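Here the structure is laid out as structure tokens; the discussion comes afterwards.
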Amino acid sequence: MTEVPVPSPPAQISARDLVKSYRMGGSVIGALQGISMEVARGEYLAVTGHSGSGKSTFMNLIGGLDTPTSGSLKVEGHELSGLSSDALAQYRNEKVGFVFQTFNLLARTTALDNVALPLLYAHRHGKVDARQKARECLAHVGLAERERHQPSELSGGEQQRVAIARALVNDPHILLADEPTGALDSRTTDEIIALFEGLNESGITVILVTHERDIAARAHRRITFRDGFIVEDEQ
């Protein structure tokens, strides 16, 4: 009996001939030069490359922080290019969590309220419900006992854990992290990367931009950008 092949599930992220250009003075700078690639649901992808290679531009397009100049970028079957600013904001609130190198926490706000803010901005929860969800996310990253502390009372690693909890509070399908360990020591870096690995194992797609080879090596797949092109794609 001949086995019928099972079709592969559609890609969660699909880029086709994706171009992003910026005008600087009288010149046009090509940040992305017509790349095509796919990311499957549940992948753990490291994106590497020198400064100016296009890796952060790629992440910003996936996150809806910027729009392509041309080409196609689909996330979960929905084309991002051409969306209005309101539609992109809704996409970011519902699909994507962001983690940055500099944490971006409000200085005079407790860890609990920093994590709850995205829910309050999105008007998806009342204050009590938002705080309860934020409390659950802080517990998930091991900071249940630090919820009343302000950023100045937390270590760098703890601040990054708060930032990760904030990225998780909207139940994102995709977690985007841009150099999330750049300001951390090696021991804390290991702890944060292990946390990303655990989140990926729970089913979240993780895309990590990094220039550190040892961190990239821990991902399931690594792509390297150079001058706006993908020059390596390895697993």
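None of the figures in this text is laboratory data; all of them are computed from the coordinates on show. These numbers come from a predicted model, not from an experiment. All Cβ positions, even for glycine, are placed from backbone atoms using ideal geometry, and neighbour counts span all protein chains on display.
Here are some notes:
- Debye intensity ratio I(q)/I(0), log10, region 117-195, q values 0.12, 0.17 Å⁻¹ (C-alpha model): -0.35, -0.69
- Both radii are taken from the alpha-carbon atoms of region 1-149; with Rh as the Kirkwood radius, Rg/Rh is 1.06.
- Ordering G63, A107, I223 by Cα displacement along the dipole of the chain toward the positive end leaves A107 in first place; charges were set at the Cβ atoms of Lys, Arg (+1) and Asp, Glu (-1).
- Pairs of alpha carbons in region 98-235 separated by more than 20 Å make up 46% of all such pairs.
- Scaled against 2.2 N^0.38 Å for its residue count N, the alpha carbon radius of gyration of region 167-235 is 1.15.
- Projected onto planes of every orientation and averaged, the convex hull of the alpha-carbon atoms in region 79-173 covers 6.4 nm².
- In the chain, the longest principal axis of the Cα atoms and the axis of helix 186-201 are about 70 degrees apart.
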